[in-house]
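Values in this text are rule-based calculations from the coordinates and carry no lab data. What you see is a predicted model; the values in this text were computed from it and never measured. Note: ideal-geometry Cβ built from the backbone for every residue, glycine included; neighbour counts use all protein chains shown.
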Amino acid sequence: MLVLGIESSCDETGCALVKEGRTILSNVIASQEEIHRPYGGVVPELACRRHVEVLPTLLDKALVLPLNEVDLIAVAHGPGLIGALLVGINFAKGLALSLGKPLVGVNHVEAHIYAALMANPVELPALGLIISGGHTALIKVSEVGHYELIGQTQDDAIGEAFDKVAKLLGLPYPGGPEIEKLSRGANPLTYRFKSGQIKGRPFDFSFSGLKTAVLYAAKGQNGTSKTPLTIGEEQIKNLAASFQHCALTSIVEKSIAAAQLHRCRSIIIGGGVSQNRYLRILFESASPLPLYWPAPGLSLDNGAMIAALGYHTFRRKGPSDMNLEPLTRIPWTNSS
Ligand code: KG4
Ligand code: ZN
């Protein structure tokens with residue numbers, strides 16, 4: 001079965017062709033970083049317009065086989081920005097209708113987990129860790145389609161925390177890679193930050209307190225986003241490294257503890273923050289369980305993970321109807 005996957009949930013547009021849920025024939029991504037950089041974050045209206053502009057060209061590039069050989073159109077229908085999702089969904093519906101092929105809506109977060117699963121035979125049950133700009137969650141994966149939510153962030157997503165801390169340090173958007181770059185060679189133990197703990201919920205995350213601690217360290221007590229930095233270049237690097245160390249250590253420690261408590265046999269990691277090399281070092285030095293990372297091109301938002309999971313979603317649930325709606329949030333049910 002040849003599946004065309006379409007992704008437009010946030011600020012990347014993606015089109016991909018995937019065979020039988022695992023063989024990627026093409027995976028074309030158009031990033032909107034340049035468009036949103038002057039604003040320090042994603043501007044939904046600009047994201048929607050850009051998706052509209054680039055989707056037809058992207059489809060052309062992704063079509064390494066004729067369009068009429070496509071058996072199924074898969075599209076991310078949430079969670080994400082409502083207008084951005086709507087562009088991809090309408091594009092997918094148009095294709096499905098004109099080709100007379102079925103349509104299937106795919107959960108974007110579930111696809112981030114599947115990205116690391118698709119290439120490898122993974123020991124199940126596994127603990128899925130989703131770390132992206134919009135999501136931070138620990139999910140027990142018994143098999144594809146069978147999930148249990150173990151923990152999630154109570155405020156900012158981890159990628160969002162990186163982006164906000166980068167902004168307050170005067171770094172461009174997206175901030176995650178910038179913080180990682182700035183931290184190289186710096187001392188991550190200069191500032192002894194504490195990660196957020198939620199009473200009675202050991203596997204939930206909180207990053208807003210850490211973000212405020214970084215703000216005060218950078219701009220003095222009671223500093224605001226508009227206050228100028230009060231520390232020098234060397235200390236800014238140490239501050240970035242200390243933030244990164246604290247935030248990522250909490251992710252690693254909670255993931256390993258959750259995996260052990262829930263008797264998982266491996267840990268699979270998905271989402272844009274999984275590109276961080278320091279995270280990989282922390283995980284690899286601490287985890288007694290095998291770790292599975294997404295292949296290059298499958299960490300950030302992309303169409304291949306949508307097409308690949310779309311294949312399984314279609315096989316389990318059949319097609320979506322033509323009234324498929326975008327969803328800003330999709331709550332985790334124990335079996336999705
Ligand atoms: O998965 P993704 O493309 O989007 C969502 O579904 O949200 O992830 C984007 C996020 C951004 O917040 C970006 O700053 C972060 O991933 N990111 C990183 C790194 N590369 C991307 N964060 C930390 N270190 C990185 N190397
Ligand atoms: Zn994503």
The alpha-carbon center of region 182-238 and that of region 46-69 are separated, in whole Å, by 40 Å
5 angstrom amide H check on D156, placed H, neighbours 5+ away: F207, S208
May I ask which of K164/K226; K181/K226; K164/K199; K181/K254 have a Cα-Cα span longer than 21 Å here? K181/K226; K164/K199; K181/K254
So which trypsin sites (Lys or Arg not before Pro) in region 233-270 end up in coil per DSSP with only 15 or fewer other C-beta atoms within 10 Å? R263, R265
Compute the long axis of helix 233-261 from its Cα atoms, compare it with the longest principal axis of the Cα atoms of the chain, and write down the angle in degrees, 0 to 90, nearest 10. 60 degrees
How would I306, I256 line up from fewest to most surrounding beta-carbon atoms within 10 angstrom? I256, I306
Loop only by DSSP, 13 or fewer other Cβ within 10 Å of the Cβ. Give me the GluC sites (Glu not before Pro) in region 136-167 that pass, ordered by residue number. none
Which of Y311, Y292 comes first, and how do the rest follow, when ranked by fewest Cβ neighbours within 10 Å? Y292, Y311
Can you run phi through the Karplus equation (6.51, -1.76, 1.60; θ = phi - 60°) for region 221-232 and list ³J(HN,Hα) in whole Hz, with x for Gly and Pro? 4, 6, x, 10, 4, 8, 5, x, 5, 10, 10, x
Max mean-square fluctuation residue, GNM over the chain, Cα-Cα springs under 10 Å, options P228, P296, P79: P296
Just the Cα atoms of the chain, one point each, no solvent: what log10 I(q)/I(0) does Debye give at q = 0.07, 0.11, 0.16 Å⁻¹? -0.28, -0.70, -1.33
Mean shadow of region 178-318, computed from the convex hull of its alpha carbons, in nm²? 11.6 nm²
Output the peptides 97-110, 207-220 sorted from most to least packed, where packing is the average of other Cβ atoms within 10 Å over each peptide's residues. 97-110, 207-220
Compute the acute angle (0 to 90°) between the alpha-carbon long axis of helix 303-317 and the principal axis of greatest extent of the alpha-carbon atoms of the chain; round to the nearest 10°. 60 degrees
At 1.306 mPa s and 10 °C, Stokes diffusion of region 73-199 via Kirkwood alpha-carbon radius, µm² per second: 91 µm²/s
Calculated [θ] (222 nm, deg cm²/dmol) that DSSP helices of n ≥ 4 give over the chain, each run adding -39,500 (n - 2.57): -13000 deg cm²/dmol
Hey, can you rank 168-176, 25-33 by average C-beta count inside 10 Å, highest first? 168-176, 25-33
